[in-house]
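Below is one structure, written out as structure tokens; comments come after it.
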Amino acid sequence: MSCAHPIEPAALANYWLAELPSSEESALEEHLMGCESCARELEQIAALAAGIRALARQGALKMVLTQEFLDRVAKQGLRIRQYAVSPGGSVQCTVTSRDDFLVSRLAADLRGVERLDLVLCDAAGAELQRFADIPFRPAEDAHVFLNYPVSIARQEPAHTLVMKLLSVTPNEERLVGKYTFNHTPS
């Protein structure tokens, strides 16, 4: 059964996250009560979100985290191996079988930054991965937290990973901080 007037996935996601304006919520709920197709779509969004949440709680995703998330998983008894690095700094790092999360804590002065990208590079500086427009709090003593999946880190050989925080505007990218991680297997 298909719907003659399907609800946009973004509206369903906003509804599921309780971020839909109340003026739109009642009409959407009424539609969902009578539309099996849209109700099924909402169930799929909820299942996807539950799967992502489970992977995040397991530390299995390479993703930017918040201090609040780290505090929450620490209270749940999960073990966080965290390496704090200042701009221009480097650290020797590893991960053990007892660690649930492997977190890079990047200190930076983010005052005046409008958009922030996090770039992962190899030791020669070649870009491996970019996290565009990451969430951050603009402050002089701000921190960006990146979770690196422990399951991947445990299998990697010794290597150097360089992380860069870039302030991005339509006209330029400005280096906010460069951080070097020298990984050694445990």
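Key figures
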read-out	value
For Ser90: the one exception among (1) over 21 Å from His5 (Cβ atoms); (2) at pLDDT below 90; (3) polar (S, T, N, Q)	(2)
Hey, Gly59 at pLDDT below 90, among the small types (Gly, Ala, Ser) and touching a strand residue (DSSP E or B) at 6+ places or on another chain (Cβ under 8 Å) or not	yes
Qualifying position, being under 30 Å from Lys164 (Cα atoms) and hydrophobic (A, V, I, L, M, F, W, C), among Ala54, Ala27	Ala54
Residue in region 135-184 that is nearest to Gly88 (Cα to Cα), counting only those that are among the charged types (D, E, K, R) and surrounded by 18 or more Cβ atoms within 10 Å (Cβ to Cβ)	Lys178
Of residues in region 131-154 being assigned to a loop (DSSP other than H, G, I, E, B) and of a type in the set (A, V, I, L, M), the one farthest from Thr180 (Cα to Cα)	Ala139
Index of the failed condition, Ala108 passing every other in (1) exposed (fewer than 15 other Cβ atoms within 10 Å of the Cβ); (2) of a type in the set (Gly, Ala, Ser); (3) touching a residue at least 40 places away in the same chain (Cβ under 8 Å)	(1)
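The values are calculated or read from the model by the stated rules, or taken from the named source; none is laboratory data. Predicted, not measured: the structure shown is a model, and the values here were computed from it. Counting neighbours? That spans all protein chains shown, and the Cβs are built from the backbone with ideal geometry, glycine included.
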